[in-house]
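Bear in mind that the values in this text are calculations on the coordinates, not laboratory data. Source: prediction; values computed, not measured. Please note: Cβ atoms are built from the backbone with ideal geometry, for glycine as well, and neighbour counts cover all protein chains shown.
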Amino acid sequence: KWLQEQEQWREEHKGHDLMHAEMLLVLLAALFVSQIVLILWKQKHPRSYNLVSLTGLWLIPFLVSCYHYYWRFVGCWLLFSVLTAQVIRLARCKPLGGKTPQVGVQMVPVPVQRIVRFRYF
């Protein structure tokens, strides 16, 4: 009985291997063409390419985490984004403050700094 079902399934799906090969070729062609388009975009308009790339790298993990309810990551992402925005804001001030490079370290509490130094250095 199992052999009959197997044969029946094969008859119903005959010719699908050709369809799968065509799908693979379409996928490879799309990857190849999109890579060329990205390289040309980067060469012709580097500013917009960098802006879109940075925005995507910054937002996509956040959106995926919200979609999957990974709230711990969302919290870490928000904290990182706020601290980074603060450092960038201070770095863009004119004249540049004398303590600006140290701000990133000073914003992290001392116990956390000690744990990081102990574990990684």
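Qualifying trypsin sites (Lys or Arg not before Pro) in segment 1-63, where qualification requires a DSSP coil assignment and no more than 10 other C-beta atoms within 10 Å, comprise K1, K14. In plain terms, the chain from F62 to T84 could stretch by 6.4 nm, reckoned as 0.36 nm per residue minus the Cα-Cα distance. Were the residues from S53 through H13 laid out at 0.36 nm apart, the gain over their Cα-Cα distance would be 10.2 nm.
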